Amino acid sequence: MKRKLLLLFISCVLLGSCYTETAVPITANFEYIVKEQDFSVPVILSFHNSSTGGDQYFWEFVGGTPGSSQDKNPGEVFYDKPGIYTIKLTVTNIDGEKDIVERQITILDQIRIDFDYQIEGSNYPPVAIDIANKTQGLGLDYHWNFEGGLPAEFEGVVPPTVIYENPGTYTVTLTVKNGQDVVELTREVRVDPDIVVDFDWDPISEDYDYQAPVVLNLKNHSENATSYQWSLVGTNINQSVEQHPTVIYNAAGNYQIKLTASNDKKSLSKIKTIKIHEDTNLYVLENIKLGISYAHNTNLIPAFYSTKYRKSFFSNELTPELGKDIDLAFYGLNSDFTTNKFISPDKTINYGLPSIAQATPTVFVNSQELCNCGLNFSESDFNSLNTDAALRNLSIEYSAGGDQKFNQNVPRIVLFKTADGRKGVIKVKQMVNQANAGSHIVCDIKVQKKKR
């Protein structure tokens with residue numbers, strides 16, 4: 001009886017144990033860490049397996065390297081292409097329990113920023129640039145900023161043509177984002193100064209009085225132009241494309257000069273008016289200072305004069321080329337002006353003045369009252385001389401009487417004839433005594449022009 005009770009107890013104990021045994025629960029879980037928090041390729045992940053109740057683990061890394069693992073903690077996984085990837089962990093145990101967890105990660109493309117631009121034509125305004133976006137990467141956002149340009153900004157891969165109207169140096173800035181990183185690149189655009197059109201002119205030395213015919217050297221002061229068009233009505237050529245043309249006006253009148261300056265972007269024009277006077281065949285030269293011999297020889301006030309250049313010269317300024325154009329020389333003995341005369345340029349050495357290389361002779365009538373040559377040209381005649389008409393019939397020849405010196409009385413009218421046959425009149429209107437150093441005469445001259 002006791003034996004039966006014992007077996008029954010043992011059986012009950014054994015049966016009771018079978019009914020109370022339960023499976024260990026499984027929870028699949030993990031965390032990943034992005035190396036340096038850099039989600040742009042290449043991306044490296046490391047994992048921490050926080051699953052419970054598991055005995056076996058199977059990792060699946062679609063798009064990663066390695067692509068799978070059976071380690072509890074698989075180490076590092078490498079992604080080299082952008083995209084959205086699923087990381088899957090399957091956890092099982094010896095009881096046949098199983099749990100699965102999936103997580104997604106977005107791998108961003110690396111930003112390889114670059115762009116260039118091409119200018120349409122020259123850098124003169126308006127400047128138009130066409131942009132080539134050379135940035136590499138997928139899933140990127142682009143923002144463009146165009147300092148001083150139209151448009152001022154743009155969102156998108158390739159912006160439209162950008163226009164710059166004003167001169168200056170401007171920045172083009174591209175900002176690229178991939179969801180995490182922001183990269184910026186700036187380049188400069190140079191817009192050259194705009195066209196400025198302007199000009200003036202200078203007559204050749206002989207035509208300073210603008211009496212026809214006038215040879216005019218046009219001076220082009222335009223800026224930022226590559227071509228020119230002159231309208232020159234009334235000249236010998238009427239039009240020109242030269243930068244600095246030379247023209248001739250053969251008749252008196254008012255004329256318009258028009259210059260159009262152009263580059264590949266635009267053209268601008270300017271018009272000016274010039275007045276050409278009737279020809280009097282007479283140069284009028286006023287307030288000419290000529291020093292006495294001491295003033296000339298000490299380089300204080302010159303005594304040699306050229307009607308061609310309308311200028312006084314010291315001896316040391318004269319080259320042989322200039323020397324042949326000296327028309328008159330003044331000899332003043334002292335600051336008291338007791339002895340004065342105009343002397344021929346080829347006779348200066350006879351009066352204590354340096355000789356002039358290549359000098360030509362000029363005939364002077366210093367004393368009409370002593371020449372006995374029928375000349376009686378007065379101050380009134382000088383003042384009323386507006387053309388060369390009164391000079392044409394004058395017979396101006398050398399005579400010993402006419403070559404006589406004159407004293408300090410002013411005004412003094414002196415007649416002369418140059419080596420090339422031009423006739424003229426000098427009116428000495430003032431004698432200035434400033435001791436030897438600065439003593440000089442002041443005179444006006446009217447002389448025929450040289451025939452061309």
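The values are calculated or read from the model by the stated rules, or taken from the named source; none is laboratory data. These numbers were taken from a predicted model, which means no experiment stands behind them. Positions of Cβ are backbone-derived with ideal geometry, glycine not excepted, and every protein chain shown enters the neighbour counts. Ligands, DNA and RNA are excluded from the accessible area calculation, which covers all protein heavy atoms including side chains. Shrake-Rupley method; radii C 1.70, N 1.55, O 1.52, S 1.80 Å.
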_What are the ³J(HN,Hα) couplings of region 232-249, residue after residue, when phi is run through the Karplus curve with 6.51, -1.76, 1.60 and θ = phi - 60°? Round to Hz, x for glycine and proline._
10, 4, x, 9, 6, 10, 6, 7, 7, 10, 6, 6, 10, x, 10, 10, 10, 9
*Any lysines with Cα under 21 Å of the residue 88 Cα? List them, leaving off those in the same chain fewer than 8 positions away.*
35, 72, 98
*Compute the relative contact order of region 350-452 as a whole-number percentage, counting only Cα pairs closer than 8 Å that sit 6 or more residues apart in sequence.*
27 percent
*With the contact rule set at Cα under 8 Å and sequence spacing of 6 or more, what percent relative contact order holds for region 399-452?*
28 percent
_Once neighbouring chains are kept in place and the probe is 1.4 Å, which whole percent of the accessible area of the chain is contributed by carbon and sulfur?_
50 percent
_Efficiency of FRET between residue 71 and residue 180 - r from beta-carbon atoms, R0 35 angstrom, step 0.05_ = 0.75
*Find how many whole Å separate the alpha carbon centroid of region 75-109 from the alpha carbon centroid of region 396-444.*
117 Å
*Around residue 114, which amide H atoms from residues at least 5 apart in sequence, or from another chain, sit under 5 Å from its own amide H, with H modelled in the peptide plane?*
134, 135, 136
*Within a Cβ distance under 11 Å of residue 351, other residues only, what is the Lys/Arg minus Asp/Glu net charge?*
+3
*asked:* Counting heavy atoms of the protein chains only and a 1.4 Å probe, report the per residue accessible area for the chain as a whole number of Å².
replied: 52 Å²
*Kindly express, to the nearest 10 degrees and within the range 0 to 90, the angle between helix 2-20's C-alpha long axis and the longest C-alpha principal axis of the chain.*
20 degrees
*Give a residue-ordered list of calculated ³J(HN,Hα) values for region 314-321 (Karplus: 6.51 cos²θ - 1.76 cosθ + 1.60, θ = phi - 60°; whole Hz; x for Gly, Pro).*
7, 4, 6, 8, 8, 8, x, 5
*Once you put a point 7 Å from the Cα of residue 393 and another 7 Å from the Cα of residue 358, both along the Cβ direction, what distance in nm separates them?*
3.8 nm
*asked:* Quick check on the chain: helices-only [θ] at 222 nm, where DSSP H runs of length 4 and up contribute -39,500 (n - 2.57) each and the sum goes over total residues. Nearest 500, please.
replied: -2500 deg cm²/dmol
*Once phi is turned into ³J(HN,Hα) by the Karplus curve 6.51 cos²θ - 1.76 cosθ + 1.60 with θ = phi - 60°, what whole-Hz value does each residue of region 295-301 show in order, with x for glycine and proline?*
4, 5, 5, 9, 6, 9, 9
*Given the pairs 219/311; 405/446; 423/449; 308/423; 275/308; 289/427, which are separated by over 19 angstrom at their Cα positions?*
219/311; 405/446; 275/308
